[in-house]
């Protein structure tokens with residue numbers, strides 16, 4: 001395969017990853033609502049340890065476990081903020097394809 005073929009594959013995989021992360025975020029929001037209703041804490045270190053162990057257990061490579069866990073640490077951090085409603089009031093940026101800066105503004 002040539003580089004264009006690999007890049008097309010990566011683009012498709014990225015679309016799938018975005019869809020899966022969006023589904024995960026929706027589930028995290030629902031969990032956040034349930035936690036608020038039952039006065040459970042948003043931060044649950046035991047649950048996070050289970051998530052990271054699950055990631056390590058199911059990692060087929062080629063990424064080393066520690067690198068994959070670092071990615072998941074960031075995902076879990078963002079999901080925790082979502083549960084706290086810190087992200088809920090932020091509008092989704094337009095899907096114009098324009099690169100976004102960390103502040104959400106087009107570059």
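The residue of segment 69-84 that is surrounded by the fewest Cβ atoms within 10 Å (Cβ to Cβ), among those that are under 15 Å from residue 24 (Cβ atoms) and in contact with a helix residue (DSSP H, G or I) (Cβ under 6 Å, 6 or more places away or on another chain), is 72. Criterion applied to 48, 30 was being surrounded by 10 or more Cβ atoms within 10 Å (Cβ to Cβ), in a helix (DSSP H, G or I) and modelled with pLDDT of 95 or more, and the one residue passing it is 48. Selection within segment 52-91: residues that are farther than 18 Å from residue 32 by Cβ and part of a loop (DSSP other than H, G, I, E, B). The member of this set that is modelled with the lowest pLDDT is 91.
What about residue 21, is it surrounded by 11 or more Cβ atoms within 10 Å (Cβ to Cβ), at pLDDT 95 or above and under 13 Å from residue 82 (Cα atoms)? So that I can check it myself, show each step before the final result.
Numbers: surrounded by 11 or more Cβ atoms within 10 Å (Cβ to Cβ): yes; at pLDDT 95 or above: yes; under 13 Å from residue 82 (Cα atoms): yes.
The answer is yes for residue 21.
The values are calculated or read from the model by the stated rules, or taken from the named source; none is laboratory data. What you see is a predicted model; the values in this text were computed from it and never measured. With ideal geometry, Cβ positions are generated from the backbone for all residues, glycine too; neighbour counts draw on all protein chains shown.
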